[in-house]
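See below for the structure under consideration.
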């Protein structure tokens, strides 16, 4: 079974026309990979479907916009994957 | 349908957020300024207005699902197919099925059927955001009443 990172990187490469090799765990989805908000909607939908979750994007965006957390917390790929894993675990619990 | 006012939905006939399904009747008008240009001597409902019709039935489904707490705005149309010509006077049924209720976005599969044949279909995606002002929310509620959205969906359950 593919790791969360492999699945997410594959989704980003498929939906955003970004070379798979350029996507690393430390890539920032917006600042490094240049995924715009509309493409990120594609990524979010594909991630929600692949993992059977509903990423709380509105909450995450509000926290970033309010200055409560850095965007790195949610949009650096390894952190995004960790948050996906938490959501999957919470759903299974 | 009043094409020049983008009033595509005449009457909601089914709205079931639990089943994630909505249907509506849409009567293509016999006359409209739209048909003067599309096309002279061969009036057809423009494909973009078929897409708009599908976006609107899906939009009402999203609004009812969210109990009018936020507004869906069309941001993406995928795999749109216009399968048949639609002409003045034709009766249509629009249908939408909510595929995913995401955080800040929604995805529906929508179609238009006429005389038992599918006239159009598309996957439609919306960005769902707070109403930008009270004027829009009030107008949406007025329109909802006019087209038969049940009052039970106007407020939180």
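Quick note: the coordinates plus some simple rules give every number you see, no bench work behind them. Just so we're clear, the structure is a prediction, and the values are computed from it rather than from any experiment. Note: ideal-geometry Cβ built from the backbone for every residue, glycine included; neighbour counts use all protein chains shown.
Counting, for every residue in A:57-64, the Cβ atoms of other protein chains within 10 Å of its Cβ and taking the mean gives 2. With the cut-off at 1.5 for a/c, could you classify chain B from its C-alpha gyration tensor as rounded, prolate or oblate? Verdict is prolate for chain B.
Computed from the Cβ-Cβ distance with R0 of 35 Å, the FRET efficiency linking residue B:139 to residue A:90 stands at 0.35.
Taking all Cα pairs closer than 8 Å and separated by 6 or more residues, the relative contact order of chain B comes to 25 percent. Among the residues of A:34-45, the average count of other protein chain beta-carbon atoms within 10 Å of the residue beta-carbon is 3. Its convex hull of Cα atoms gives the range A:4-92 a direction-averaged projected area, equal to a quarter of the hull surface, of 5.2 nm².
Taking 0.36 nm per residue of separation and subtracting the Cα-Cα distance, full extension of the segment from residue B:7 to residue B:152 would add 49.9 nm.
Among rounded, prolate and oblate, which fits the range B:18-78 when a ≥ b ≥ c are the square roots of the eigenvalues of its C-alpha gyration tensor, a/c under 1.5 means rounded, and a/b larger than b/c means prolate? Because a/c hits 1.5 or more and a/b exceeds b/c, the range B:18-78 counts as prolate. Calculated [222 nm] ellipticity per residue, helices only, for chain B: -7500 deg cm²/dmol; basis is -39500 (n - 2.57) per DSSP H run with n ≥ 4, divided by all residues, nearest 500. Going by neighbour counts of Cβ atoms within 10 Å, the residues B:34, B:86, B:129 line up, fewest first, as B:129, B:34, B:86.
Taking the centroid of alpha carbons for each part, the range B:1-79 and the range A:47-93 are 34 Å apart. Each peptide in B:51-63, A:36-48, B:137-149 gets a packing score, the mean of other Cβ atoms within 10 Å over its residues, and the list from highest to lowest is B:51-63, A:36-48, B:137-149.
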